[in-house]
Amino acid sequence: MKISSVYIQNFKKLYRCKIDFSKDTTLFVGANNSGKTSAMDALGKFLD
């Protein structure tokens, strides 16, 4: 079973965020201070 998306709510800078995963590669792109690292931290906690 593969995870196709995750929903992050009230985690650090992220009020509400949905991340859809691609079959091959998923990239986080955004301006400085937009929450990319917070999203990665949330995924790290989820996958531990």
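The values are calculated or read from the model by the stated rules, or taken from the named source; none is laboratory data. Just so it is clear, the structure is predicted and the values come from calculations on it, not from any experiment. Neighbour counts are summed over all protein chains in view; Cβ atoms, including those assigned to glycine, are modelled from backbone coordinates with ideal geometry. Protein only, heavy atoms only, side chains kept; ligands, DNA and RNA dropped before computing areas. Shrake-Rupley method; radii C 1.70, N 1.55, O 1.52, S 1.80 Å.
A few comments on the model shown:
- Contact map, the range 4-21: residues that are within 15 Å of LYS36 (Cβ to Cβ) paired with residues that are open to solvent by 100 Å² or more (accessible area, probe 1.4 Å), Cβ distance under 7 Å, separation 6+ or inter-chain. Pairs shown: VAL6/PHE46; LYS18/TYR7.
- Filter result for the condition that a residue is at pLDDT below 95, in contact with a Lys or Arg (Cβ under 9 Å, 6 or more places away or on another chain) and in a helix (DSSP H, G or I), over SER34, SER38: SER38
- The residue that is least open to solvent (accessible area, probe 1.4 Å), counting only those in the range 11-30 that are of a type in the set (Val, Ile, Thr) and assigned to a loop (DSSP other than H, G, I, E, B), is THR26.
- In the range 31-48, the residues that are open to solvent by 100 Å² or more (accessible area, probe 1.4 Å) reach residues that are modelled with pLDDT of 90 or more and aliphatic (A, V, I, L, M) with C-beta atoms within less than 8 angstrom, at least six apart or across chains, in these pairs: PHE46/VAL6.
- Evaluating ILE8 against the criteria (1) open to solvent by less than 60 Å² (accessible area, probe 1.4 Å); (2) part of a helix (DSSP H, G or I); (3) not polar (S, T, N, Q) leaves one unmet condition, (2).
- Condition check for LEU43: assigned to a loop (DSSP other than H, G, I, E, B) and not polar (S, T, N, Q): no
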